[in-house]
Amino acid sequence: MKSNISGFYKKSVEERLEIVREFSGLSDKEAEFLLDGHLDIELADRMIENVIGMTELPMGVATNFLINGKDYLIPMAIEEPSVVAAASHAAKLARPGGGFFTSSTEPIMLSQIQVVGLKNPHFAKLQVLEQKDELIKIANEQDPVLVKVGGGCRDITARVLDSNMGPMLVVHLHVDVRDAMGANAVNTMAEALAPYIEDITGGKVYLRILSNLAIYRLARARAVWKKDVIGEDTVKGILYAYEFARVDPFRAATHNKGIMNGIDAVLIATSNDWRAVEAGAHAYAALDGQYTSMSHYEMDSEGNLVGSIEIPMAVGIIGGATSTHPKAKIARKILGVQSGREFAEVLAAVGLAQNFAALRALATEGIQRGHMSLHARNIAVMAGAKGEEIDRVAEQLVKERKVRVDRAKEILAELRKM
């Protein structure tokens, strides 16, 4: 069989699944399992294209989070062991220092309009800015509901860029999207303004699309980890680990991945666009010309470790899958956030906690000890262990420091002989 299947998207879920079953040699049981889940299959079929089934990730809850004096339970959906446990422990260690303190900027998203074919791009830039008030008015006419709730286009700026295709004028719309992620709103406004921009400049508009580098939509979090709680050697070790990430992009990539472990898990649990947040966060980390740490650590006058993070956070609590996916709605209810900005601030705190936990492990026992202890349970399951066997096999794997499937199968066979 070939994969160029005519009209695949027009077929029913069952018909698509039957084609995939034949193509891939799935058993009837495997095909039926793809349809197993609590998300209504008809709803799933309208969320994305070419649906054949559903998949799930474990959803856990990180505990101990105290943010701005309020307690939170943090729902996290992720396949990687140790993430939820690490976030919970980091939050527990932060509580003696008051927990996490957060703030954020207004939820301003950028949309870009690319204008080319200009003989005088700097002149055209000023022509656009002279019409700013009228352009803002036209943009806001595209979304009266957003304007009614206090959002809307706030400003228009412009830049001239040199490129291998010649100079281009890039017009930026600054849009307050309130409690939404905002992609649809800003893209609609950019589409509407494109012909007006062409008339003003005499140029040709190609791209009109949001930017995921949301430099005006920042979430910030800080915390103090007391030296009496984590130990003076740990404070020093974390500072060395942080400096490594700050000056070396090879280390920073893994350092920042740890931050996004926590943030992404919450975004997935709430059906937010984690890829957009990832893109913006990593771009922001390289904004000064070298990729570096998203977080910062210092020692205060008392010898305590103080950590902070500032990160673009384009997230919402309304619209899209956040409002249609039933488990996403439940996850948001568990989280208890009342606005997009509160949600963004919680995410920043989770990212900082996750980062602290990883640095603490690296600076003390090493990352593998705790991670492998939890990973051993997955290996035990892969080896065929069930019920109490899983814990017994995992315990032996960790004891021997041989967390491998082949050894797990040997241990399991020995257990079952007893």
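The values are calculated or read from the model by the stated rules, or taken from the named source; none is laboratory data. These numbers come from a predicted model, not from an experiment. Heads up, the Cβs are rebuilt from the backbone with ideal geometry, glycines too, and the neighbour counts pull from every protein chain shown.
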> How do the pairs read when you match residues in segment 1-18 that are more than 13 Å from Leu35 (Cα to Cα) with residues anywhere that are among the aliphatic types (A, V, I, L, M), using Cβ under 9 Å and keeping only pairs 6 or more apart or on different chains?
Replying inline: Met1/Ile19; Ile5/Ile19; Phe8/Ile19; Lys11/Ile5; Lys11/Ile19
>> Here are the criteria: (1) more than 27 Å from Phe65 (Cα to Cα); (2) among the β-branched types (Val, Ile, Thr); (3) in contact (Cβ under 8 Å) with a residue 24 or more places away in the chain. Tell me which single one Val381 does not satisfy.
In response: (3)
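Could you look through segment 1-11, keep only residues that are surrounded by 11 or more Cβ atoms within 10 Å (Cβ to Cβ) and not basic (Lys, Arg), and pick out the one that is nearest to Ala44 (Cα to Cα)? Before the answer, list the steps.
From segment 1-11, those surrounded by 11 or more Cβ atoms within 10 Å (Cβ to Cβ) are 5, 8, 11; that's our starting set.
Subset that is not basic (Lys, Arg): 5, 8.
On the way: Ile5: 21, Phe8: 16 Å.
The selected residue is Phe8.
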> When both residues are 6+ apart or on different chains and their Cβ atoms are under 6 Å apart, which pairs have a first residue that lies in segment 245-270 and is within 14 Å of Ala344 (Cα to Cα), and a second that is basic (Lys, Arg)?
Replying inline: Thr270/Arg332
>> Please determine whether any residue of segment 115-129 is among the polar types (S, T, N, Q) and within 30 Å of Arg159 (Cβ to Cβ).
In response: yes
>> Residues that are in contact with a helix residue (DSSP H, G or I) (Cβ under 6 Å, 6 or more places away or on another chain), of a type outside the set (S, T, N, Q) and within 25 Å of Leu93 (Cα to Cα), at least 3 per element: which helices (runs of 4 or more DSSP H) completely within segment 319-418 meet that?
In response: 340-363
> Which numbered condition trips up Ala361, out of (1) at pLDDT 95 or above; (2) within 22 Å of Lys226 (Cα to Cα)?
Replying inline: (1)
> Scanning for something more than 18 Å from Ala358 (Cβ to Cβ) and assigned to a loop (DSSP other than H, G, I, E, B), does segment 250-271 turn up at least one residue?
Replying inline: yes
> Does Arg178 satisfy being part of a strand (DSSP E or B) and surrounded by 19 or more Cβ atoms within 10 Å (Cβ to Cβ)?
Replying inline: no
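Which of the following residues is buried (at least 20 other Cβ atoms within 10 Å of the Cβ), in the same structural domain as Ser82 (by TED's automatic domain parsing), among the β-branched types (Val, Ile, Thr) and closer than 30 Å to Asp248 by Cα: Val346, Val306?
Values: Val306 fails: buried (at least 20 other Cβ atoms within 10 Å of the Cβ).
Only one candidate qualifies: Val346.
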>> Between Asn140, Asn164, Asn187, which is within 26 Å of Val116 (Cα to Cα), modelled with pLDDT of 95 or more and either touching a Pro at 6+ places or on another chain (Cβ under 8 Å) or part of a loop (DSSP other than H, G, I, E, B) (or both)?
In response: Asn164
